[in-house]
1. Give all pairs with beta carbons closer than 8 Å in which a residue from the range 440-464 that is touching a residue at least 24 places away in the same chain (Cβ under 8 Å) and of a type in the set (S, T, N, Q) meets a residue that is surrounded by 15 or more Cβ atoms within 10 Å (Cβ to Cβ) and part of a helix (DSSP H, G or I); count only pairs at least 6 apart in sequence or on separate chains.
2. Of all residues in the range 257-272, which are loosely packed, with under 12 Cβ neighbours inside 10 Å and in a helix (DSSP H, G or I)?
3. Since Lys305 meets every condition but one in (1) closer than 30 Å to Leu425 by Cα; (2) at pLDDT below 80; (3) in a helix (DSSP H, G or I), which condition does it not meet?
4. Taking the residues in the range 345-387 that are of a type in the set (S, T, N, Q) and under 26 Å from Ala147 (Cα atoms) as candidates, determine which candidate is surrounded by the most Cβ atoms within 10 Å (Cβ to Cβ).
5. Between a first residue in the range 273-290 that is surrounded by 11 or more Cβ atoms within 10 Å (Cβ to Cβ) and a second residue that is at pLDDT 55 or above and of a type in the set (S, T, N, Q), which pairs have beta carbons less than 7 Å apart while being 6 or more apart in sequence or on different chains?
6. So Tyr431 fits all but one of (1) on the phi < 0 side of the Ramachandran plot; (2) out of contact with any Pro (no Cβ under 9 Å at 6 or more places or on another chain); what number is the exception?
7. For the subset of the range 57-69 comprising residues that are exposed (fewer than 15 other Cβ atoms within 10 Å of the Cβ) and part of a loop (DSSP other than H, G, I, E, B), which member is modelled with the lowest pLDDT?
8. Is it true that Lys388 is over 25 Å from the mean Cα position of the chain (by Cα) and among the basic types (Lys, Arg)?
Amino acid sequence: MKLPLEISLMEIGIFIAPILLYIYWRSTSCFGYWKSKGVHHLTPNSIFGNTFDLIFQRVSRFDMFRKLYEDLDGYRFGGFYQSRNPVLLVRDPELIKLILTKDFSHFINRFTEHPVNESDLSSNLVQLGGDSWKFMRYKISPVFSSAKMKSMFDLIVQCAFEMSTNLKSVADARSSININEVISHYLVDAIGTCILGIQLNTIKDPKSEHRVMIAKAPKISLGFSIWNFLFKMSTTFRLSGMNDEVTAYIKKLVKRTIKYREENNVIRNDFLQLLINLKNDVLVDDISKEDTHLKYNVDGVTDIKKSPLNITDNLLAAQCFVFYLAGFETSTSAISFCLHELAINQDIQDRLAEEICTILRAQDNKITYEIINKMNYLDQVVNETLRKHTPASGITRVCSKPYIIPGTNVHLKKGDSVLVSIPGLHFDPKYYPDPERFDPERFTKENVKSRHPYTFLPFGEGPRICIGADERHETGQGQTQQALNRDWTVGCQYGGPGVLGVVDEKHP
């Protein structure tokens, strides 16, 4: 006997209503958190807090974090809600300095959307926390010392030279190119050489397996983003954003390379070799006085036998992967935007090309680590690119022990989230007048000294500053130098910033 339709709908309603009420309660129960602490905060505009557009991927993190910063104008700090997670956004550079550096012991860890799991590639330096992060950071630091960077620079320049040779054929044909594609091939080769010590030649073979795999780097779907924000499914069910095919490929590549080196007694001066030394209990510490930024007091574990981590090939693969992916994605974006800005600002391009050519002519056109560091205007151009088109959108921290914000009665408890909006700082007219304008003069020595140092944070700051910041900077400088040290100028034909460039006009 069938029940009347009306009764069936009523029963469905009775069943669904409590579920909807629970979802609403669970999503909004924390919305009084900042008010209870006496912190000025943005009013949540939905059950998704203040980040509805971000969760539904309608805006980028860059634009969202910039807007949140601007919405809190006039305050040293303020609260907002990332879904049901209360987050403190810090605007004051001096307070940012305290949190990232001086009082770092209260804010050791980042907050991430995915759990650390050795079976995939998430057990990496970016996602590790606590003693595990301290140990890995301490052990990996030597590979980014000035001595190591100098030895890697020639490899970077060689890859850049091959890329510029590719550009020459485009210039001769006076045709257009997808600059992102060209740069991504260059970076796959450059980073592959420096990290794994292998020649990938994706510039000549853009459809190589390695290039295809890197392109499949983890991307979060809309559905996963929504459910993860609402219910933290990635933590509850240990879900991962890692692509299984990419994970298997990277593991196999690293293990195969390690096995070859160990069986053939091959020792190279690269990132993977340092990891192999770590695995084999070989301590390397060649950090000099000029590398003080690598020696922040992070209570590093100096006795390798007391490692809080199980040093496995999977762990080593995770470190290789994160440095590869971080360097590839951020550097591709930064270099593309740099060339785009030069293309639409011909006067800046001409001045930079003149500096590069003048310095190299005086050195018989020999490019070295020391010579490129004499190119002051090149450094200004790269820094202005990193300001206007910063690769990272925010610096996140989780309070690891109770903290009182200096000069206030605001108490942060263990587990509270903190955000520094990088685009917010970089586009604040108080620090950078007319911030939408591309102006390398902002980074002359005099202008840099006139600003608070914590208003320019493309790679973060403090003990958790991006450990590969110098490597990325050198990669960008090397590529830009090679792109302009030729008989052509870079121009735009059509397309969005950094997406499509054209080499269309030769120097006289």
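The values are calculated or read from the model by the stated rules, or taken from the named source; none is laboratory data. Keep in mind that this is a model prediction, so the values were computed, not measured. Neighbour counts are summed over all protein chains in view; Cβ atoms, including those assigned to glycine, are modelled from backbone coordinates with ideal geometry.
1. Thr444/Gln380; Thr455/Pro93; Thr455/Leu425; Thr455/His426
2. Lys259, Tyr260, Glu263, Asn264
3. (1)
4. Result: Gln380.
5. Leu275/Gln319; Val284/Asn277; Asp286/Ser145; Ile287/Ser141; Ile287/Ser145; Ser288/Ser145; Ser288/Ser146
6. Here Tyr431 meets the rest and fails (2).
7. Gln57
8. Against the criterion (over 25 Å from the mean Cα position of the chain (by Cα) and among the basic types (Lys, Arg)), Lys388 does not qualify.
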